[in-house]
1. Among bridges DSSP assigns within the protein assembly as shown, what percent are antiparallel (round to 5)?
2. Quick one: which of A:Lys40/A:Lys161; B:Lys306/B:Lys362; A:Lys28/B:Lys193; B:Lys362/B:Lys388; A:Lys69/A:Lys150; A:Lys40/B:Lys228 span more than 18 angstrom between C-alpha atoms?
3. Is the protein assembly as shown rounded, prolate or oblate when judged by the Cα gyration tensor, a ≥ b ≥ c being the square roots of its eigenvalues, rounded requiring a/c under 1.5 and prolate requiring a/b larger than b/c?
4. At B:Ala243 and A:Ser130, where each label point lies 7 Å from the Cα along Cα→Cβ, what is the point-to-point distance in nanometres?
5. With point charges of +1 on the Cβ of Lys and Arg and -1 on the Cβ of Asp and Glu, referenced to the Cα centre of the stretch B:113-287, which listed residue (B:Gly229, B:Leu194, B:Ser205) lies farthest in the positive direction of the dipole?
6. Does the stretch B:147-296 come out rounded, prolate or oblate by the C-alpha gyration tensor, with a ≥ b ≥ c the root eigenvalues, rounded set by a/c under 1.5 and, if not, prolate when a/b is larger than b/c and oblate if not?
7. If r is the Cβ-Cβ distance from A:Ala79 to B:Met171 and R0 is 30 Å, what FRET efficiency results, to the nearest 0.05?
8. How high is the relative contact order of chain B, in percent, with contacts defined as C-alpha pairs under 8 Å that are six or more residues apart?
Amino acid sequence: MSKTIALFGAALCVIAGAAVAAQVAPPKLGRAATPDEIAKVDISIPPDGKGLPAGSGTVAQGTAVYMQKCEVCHGANGAGTPSGDRLVGGIGTLNSPNPIKTVSSYWPYATTLFDYIRRAMPVTNPQSLSNDEAYAVVAYILSIDNIVPKDVTLDAQSLPKVQMPNKAGFVNWEPRLLKP
Amino acid sequence: MKKLPSLTDQLGEPVAGNGLLHRRFFLQSGAAIAGAAAALGTARAESIGAASPPTMLKPGAMFTGYGVPSHWRDNVQRIVATNVPPGREVTGSTRTPLHMLEGTITPGGLHYVRNHNGTPDIDPSRHQLLIHGMVRQSLIFNLDSLIRYPMETRVHFMECAGNSGGMNAPMPPQGTAGDIHGLLSGSEWTGVKLSTLLDEAGLDSKATWILAEGADGAGMSRSVPVWKGMDDAMIALYQNGEAIRPEQGFPMRLLLPGFEGNTNVKWIRRLKVMDTPMYTRDETSRYTELMPDGKAREFMLQMEPKSVILKPSFGMTMQGPGYYQISGLAWSGLGRVRKVDVSADGGKTWTEAALTAPVQSKALTRFRLPWMWSGQPVTLMSRTTDEKGQVQKTHADWAAQYAPRQNFHFSAIQSWAVAADGKVSNVYV
């Protein structure tokens, strides 16, 4: 009897030992990031515009930048080429037999356009545009389908206020995902 | 000479239309095959060299520092797009030649690659991972610190959300399984659980999303739910036992098992904890798909159950009537594959295939089924069901969910027509 209890006790110790081994705290080797280190890489712009930089751009300025740095791929007036996506047109086609997805017809937020151009365009020289140039190119592209007026100046205050035609066009599927 | 029992004697009658045999054949046949092999005696000549292949008569090649596949298999290559317009050379993809491989692990050099602006060459000694936003303490990790953390090793598939996108074209694309479905690969991944690092930074109780950003020329960025980050997400450092390759995110990538490939951000440099998604370009204008009413699904992040028969498949020619082994892959972003049903008569009758163990969660699973082909035209299909009870949809049911020509998250049943001349083509059923 006592032997059985001893064995049982030993088994419990083994189980307890395994549990303890699994619960050893991982090392804490992360180094505190300084505000400056964070600011240098925190480049994402959400729909509320938080984090948009100083600077501004007009349609006229954007037209010049577009013709010099964007048109070779995205075509005259954003019409697209085999090298670069079509950017404009297609508004009102999304529920038709031939839906056309463009910045004008499909993208829900103007801030996303600024974010993407500033981080990833032009494709051969990403992150080369100044903040003024990025605002200006966004102003030009959005002016083609009159989403913004031709005399607009976009900046940190005005960009988040731009209403994209398909802003309400998305259904968030995340609540329907199978969670653990 | 003793007559061996015929295959039909051994295998019994087909269990579904057009010659599909019971999966138990694999177990029953082992002894018979072993017996036949033992019966083959080899006579020994006086000089054994005369009867030997030349490889046995001389020393072989030198040792090498990093081995490569046999030159006899130089044709097994990733499928690289040709005639790419200028400006798109490094923004596309190469595909895994699924139809030329076996098992469930994709060799590192054949893993599919989807890049949005090329593969960066990152100095691992200078690379940093920042966790910031809604955390108690913003933290920076580097590779030297991460390799000291407890690690996990798990097998998972990776699939691009655009995989099989051509299958929603009006006419079925005539291409190999790799051409059509090759934005899919399987690997063993090793790294640090993301929850460990998030716990160290201290998540705000209101945090719901994490923006993940890569250090490539696209600055790839995606928002992922906090619950996924705290579940089975990993900062992966190793793939198939070696440092993760540059094309897969060297020195580190975010691994989100079962989530669409694009969210598994490569060259991960930043995780910003938030209480809303960032609504980046690649989660609004891309990787979303229109439904018939013109609204689009966004954050459809989990890859649905899917399977494809690889042997036989397009591009292969049957070697005449007789015995074949059907072989393919099944997977689900929701968990384990529970079963794979196979039909050889266009979906009228089905029988369950054998699954190769171990069947792992959110991992490629190999299925096989013995088949006696009569030589008549047949249509082969596979349909998987995962452990959550989700069943792979028919082509028509899948397409009915979406507007015309939507090409993300295609997961419907693949059908291959085998003609009397042995040629295999892609058909919609």
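1. Around 90 percent antiparallel, to the nearest 5.
2. A:Lys40/A:Lys161; A:Lys69/A:Lys150; A:Lys40/B:Lys228
3. Prolate, because a/c is 1.5 or more and a/b exceeds b/c.
4. Each label point is offset 7 Å from its Cα along the Cβ direction, giving 4.0 nm.
5. Value: B:Ser205.
6. Verdict is oblate for the stretch B:147-296.
7. Given R0 = 30 Å and the Cβ-Cβ separation, E is 0.60.
8. For chain B, the relative contact order is 17 percent.
Values in this text are rule-based calculations from the coordinates and carry no lab data. What you see is a predicted model, and the numbers here were worked out from it, not measured in a lab. Cβ atoms come from the backbone with ideal geometry, glycine included; neighbour counts cover every protein chain shown.
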